[in-house]
Amino acid sequence: MTIEKNTLPIKKKASLTSRIVIGMVAGILLGSFLQWLMPNGTDKVISLYSIELSLKGFLVEGILEVIGQVFMASLRMLVVPLVFVSLVCGVCSLKDTSKLGRIGGKAVGLYLATTAIAISFAIFVALIVSPGEGVNMVANSSFSGREAPSLAQVIIQMFPTNPFESFAEGKMLQVIVFALLFGIAIALSGKAGERVALLFEDLSEVIMRLVTILMNIAPYGVFALLATLFTTVSLTTFGNLIEYFLVVFFVLVVHALVTYPVILKLLTGLNPEIFLKKMRDAAIFAFSTASSNATIPVTLETATKKMGVKNSIASFTVPLGATINMDGTAIMQGVATVFIAQVFSQDLTLADYLTVVLTATLASIGTAGVPGVGLIMLAMVLEQVGLPVEGIALIIGVDRLLDMTRTAVNVTGDSMVSIVVAKSEDQFDHDMYLDPQAGSNIENIDFKHLDNNK
Ligand code: ASP
């Protein structure tokens, strides 16, 4: 069976981005409506032709949650094979593997630098606004943070003892290290290596096709995920935390819409407006899933098919970024530290703030790109400066929406750094970057030819 490579231009329908945005807005509206209909987790039964239907059991748990979870699972299903295969391909295509150290150095350096900028700015704004002043709250629910790993542990755990275990458990840093070593070995293996490299290139194309197929069902997935979520996210829990929420949100938005564009412009001279426009799909995916890891397939596709970053760079920088680069998370941690210190009336010194910047920047390396981990790593930051870890219980209620927003910022940072590294290595397709249509053919996949080939 031959599968045609090209997709046919089918009748003009809304672009994928618009469909995803529509799915997102419709999901939020439906979820909020359902919450209004069934406040505080109550249920509503409607009768349809003498059949009694429980809205919660049937619509929310039976349909929306199933679609949402299936979509999320399919995204996550792709992450390990995609990262492994495309990273191996990327390393092989570098030819000169000695470049790897330089590229890695640049990527890690930029990731850490942007995170340090993000958290410093967050602390600065939080100190000016003082969201915790006057909030006399006592933590009534206790938060027992899982123990955060030390830096030494993070380094040791980067190296897998059994790569299959790393694959099975989705330990991304270990998968990355194994893929790098495997790729280097292929590049050094002469004829045998060339054959294996060809196999990996084919595999990579097949997996990317799977990503494309998934992108086409994304509007429904995003709709279902957000509809389910908004049946429970309650805006009334905000109360005293509104100021904290707004400060984090404000810094996240400024970081994404001002800091990144400025860095991009300064380091590459590229027009940042194009960057932000092309980032939209990946940002919405990140927002809906609250997981940079689950968004890797989309970020990778955005970087290589829309932004013009060559696969040799993106296959390395995107998964690495999703694993170690957490600017959005660091912003939340910066504001949260100031907030908790103010709520518990504890003064922090300049040295304390520097410790916070350093710890949060390094902590982001150990923060996995999955929902909610940022809060766990916050425990480590708070402990470093002697603040009560129970403070986390105060902000947990509003964390989900912030998690979604900061994940969108995290993946935007990964893409920005990928472009900067690609440009500096001359692994960048400038025409693709400028082309507003680039990547649009991935949006109109036509499945008919699959039937025709039966
Ligand atoms: N959800 C974030 C991410 O996946 C991590 C976090 O801040 O909790 O990027």
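The values are calculated or read from the model by the stated rules, or taken from the named source; none is laboratory data. Just so we're clear, the structure is a prediction, and the values are computed from it rather than from any experiment. Methodologically, a virtual Cβ is constructed for each residue, glycine included, from the backbone with ideal geometry; neighbour enumeration extends over all protein chains shown.
May I ask you to say which residue of GLU65, GLU61 is touching a residue at least 24 places away in the same chain (Cβ under 8 Å), of a type in the set (Asp, Glu) and surrounded by 13 or more Cβ atoms within 10 Å (Cβ to Cβ)?
GLU65
Exactly one condition in (1) in contact (Cβ under 8 Å) with a residue 60 or more places away in the chain; (2) not in a helix (DSSP H, G or I) is not met by LEU53; state its number.
(1)
Of these, THR337, THR355, which one is crowded, with 24+ Cβ neighbours inside 10 Å and either in a loop (DSSP other than H, G, I, E, B) or among the polar types (S, T, N, Q) (or both)?
THR337
Looking only at helices (runs of 4 or more DSSP H) that lie completely in the stretch 367-449, which have at least 3 residues being modelled with pLDDT of 85 or more, of a type in the set (A, V, I, L, M, F, W, C) and over 21 Å from TYR244 (Cα atoms)? Give the steps one after another, and end with the answer.
Details: elements: 373-384, 391-395, 399-424, 430-434.
Qualifying helices (runs of 4 or more DSSP H): 399-424.
State which residue is surrounded by the fewest Cβ atoms within 10 Å (Cβ to Cβ) when the search covers only the stretch 147-201 and only residues that are among the polar types (S, T, N, Q) and in a helix (DSSP H, G or I).
Filtering the stretch 147-201 for residues among the polar types (S, T, N, Q) gives 150, 153, 157, 161-162, 166, 174, 189.
After this cut, where a residue has to be in a helix (DSSP H, G or I) as well, the list is 153, 166, 174.
Details: GLN153: 12, SER166: 22, GLN174: 21.
Ranking the candidates gives GLN153 first.
Consider LEU226 carefully, then state whether it is surrounded by 20 or more Cβ atoms within 10 Å (Cβ to Cβ), modelled with pLDDT under 90 and within 27 Å of ALA330 (Cα to Cα).
Yes, satisfied.
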